[in-house]
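Just so it is clear, none of the values below were taken in a lab; they were calculated from the coordinates. Keep in mind the model is a prediction, meaning the values are calculated, not measured. Note that each Cβ is placed from the backbone with ideal geometry, even for glycine, and that neighbours are counted across all protein chains shown.
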Amino acid sequence: MERTEADSHEPIPGRDRALSGRVLLACADAAEGRRLEGLLTAAGLGVTLTGDTEAAVGRALQTAFDLILLDLELAPADGTSAVELLEAVGHDDPRLALTTDAGPGVAPDEGFAAALPRNADADQVLDCLARLLPAASADGWRGSGRWRDTEAFAELVADYLGELPDVAGELRRARDQGDLEAVAGIAHRVKGTAGNLGLDGLSTAAATLQQAARGGSAVDDLPVRSAFAALDAELAAFGTGTDPMAYEAGR
Amino acid sequence: MNVLIVEDDEQGRRFLCGVIEHHWPDARIVQAVDGKTALKLFAQHPPQVTLLDIEIPKLNGLDVLEIMRAFRRDSFIVMVSGNSSMENVKTATDIGVDGFLVKPFEERKVIDALQRYTRRHEQQAKKVAVVGQGKSLSLD
């Protein structure tokens, strides 16, 4: 389970604090996760919601967050183990624990700035976040600005888009040869490069194909075929695809 | 700041180079596309910071990390990988890494990692200065 909501929203009417920033919310209970996601989004925060430790650690190492809300009862590893691992690689985004054991304002373990009881009401949650969120968002830029806004970056994206027909061809050959390992390898590369370049739809579709290829036994498996179709839909936006007939038909 | 980038994907290397050159215009960057070349460059041009992809040809990034650590424990090494499993991250931390980036990653994550290096470097420089000052005082 993972959703991202990067858009800012107007603060809740009547509340005098408008929060801003990006929050990673890792919650073991799906219903509680959705409740908190709704509350934080309404308060003006961009929220990325995950339901397990693996996804939480992965997202924390990809994206700069202003705050990480981590459920201590996450699975497969608990939230404390996730924090230990993050600290071992120098990760220092502020963290807030969600737990049944502690009242608000109590840090249950090292590595957390504070703790919130699970099912805390809206005021408790927003008060706590208002204290912990930094004045400047991790998404803000000063000084030399973002490299992503330069001509050199635009040139890199253009070069990559120019190579996409070759990448689609590589994928097509690997599929035609029934080579799932090669399909997974190429999809892995597309996931990383396209994502770094801001081509999020392509990156996500490639990640799905990588996962389907790794878990599948043949290129004709339904999940692999579906993932190829989804990737083709993304590639078609850039004028290419792994299925020339389908692409021609759609032109 | 001397930086070694080890990444077999051309766009991946260009992305990392672009971010570093934009935010640290004085940085001197050398690049390797495989593990063997990375170790050669590591010996020839000892870097302060290494950005090391795990999935690279000839020698796996984790093997490269282990060899680099055997020669220089103080070098700042950040692993880069498309595999975000906790097991993968744990393997790297057991060998000894200073950072870990999961692909695709944001420009900001690269900056954060390099800023951690510069902070550490400044702290170490201050410590050396204080120790040096102490010695001269005792000699006086």
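Long-range amide H contacts for B:LEU59: which residues qualify at under 5 Å (H placed 1.01 Å from N, peptide plane, sequence gap of 5 or more or a different chain)?
B:GLY35, B:LYS36
Need one value for A:149-162: mean number of C-beta atoms belonging to other chains within 10 Å of its residues' C-beta atoms.
Mean number of neighbouring Cβ atoms from other chains: 2.
In terms of modelled amide H atoms, which long-range or inter-chain residues lie less than 5 Å from the amide H of B:THR50?
Long-range HN contacts for B:THR50: B:LEU4, B:PHE76, B:ILE77, B:VAL78.
With a 10 Å cut-off between alpha carbons and a GNM built on chain B, which of B:ILE95, B:ILE20, B:ILE56 moves the most?
B:ILE95
Roughly what % of Cα-Cα distances in the protein assembly as shown sit above 41 Å, to the whole percent?
Cα-Cα pairs in the protein assembly as shown separated by more than 41 Å: 18 percent.
Within 12 Å, Cβ to Cβ, of B:GLN11, how many net charges do the neighbouring residues add up to if Lys/Arg are +1 and Asp/Glu are -1?
With Lys, Arg at +1 and Asp, Glu at -1, the neighbours total -3.
Would you mind computing, in nm to one decimal, how far apart the modelled labels at A:ALA18 and B:ASN83 are, each placed 7 Å from Cα along Cα→Cβ?
Taking the two extended label points, one gets 4.6 nm.
Quick one: go through the range B:110-129 and flag any residue whose amide nitrogen is under 17 Å from the point 7 Å out along the Cα-to-Cβ line of B:ASN2.
B:118, B:121
What whole-number distance in Å separates the alpha-carbon centres of the range B:69-130 and the range B:34-50?
If we compute the Cα centre of each part, the gap is 16 Å.
Please sort A:65-74, A:206-215 by packing, taking for each peptide the average over its residues of neighbouring beta carbons within 10 angstrom, highest first.
Highest mean packing first, the order is A:65-74, A:206-215.
Residue by residue through the range A:212-218, which ³J(HN,Hα) values in whole Hz follow from phi under the Karplus form 6.51 cos²θ - 1.76 cosθ + 1.60 (θ = phi - 60°), with glycine and proline marked x?
Karplus-based 3J(HN,Hα) across the range A:212-218 equals 5, 5, 5, x, x, 10, 8 Hz.
Using the Karplus equation 6.51 cos²θ - 1.76 cosθ + 1.60 (θ = phi - 60°), what ³J(HN,Hα) coupling, rounded to whole Hz, does each residue of the range A:171-177 give in order, writing x for Gly and Pro?
So the Karplus estimates, Gly and Pro as x, are 5, 5, 4, 4, 5, 5, 8 Hz.
Of the candidates B:ILE54, B:ILE29, B:ILE67, which one comes out as most mobile in a Gaussian network treatment of chain B with C-alpha springs shorter than 10 Å?
B:ILE67
Relative contact order, percent, of the range B:2-133 when contacts are C-alpha pairs under 8 Å separated by at least 6 residues?
Result for the range B:2-133 is 22 percent.
If you count, for every residue in A:58-65, the Cβ atoms of partner chains within 10 Å of its Cβ, what is the mean?
Partner Cβ neighbours, averaged per residue: 6.
Dividing the alpha-carbon radius of gyration of the range B:2-133 by 2.2 N^0.38 Å (N being the number of residues), what value is obtained?
1.03
Per residue of chain B, what 222 nm ellipticity follows from adding -39500 (n - 2.57) for every DSSP H run with n ≥ 4, rounded to the nearest 500?
Taking each H run of at least 4 residues, the total per residue is -18500 deg cm²/dmol.
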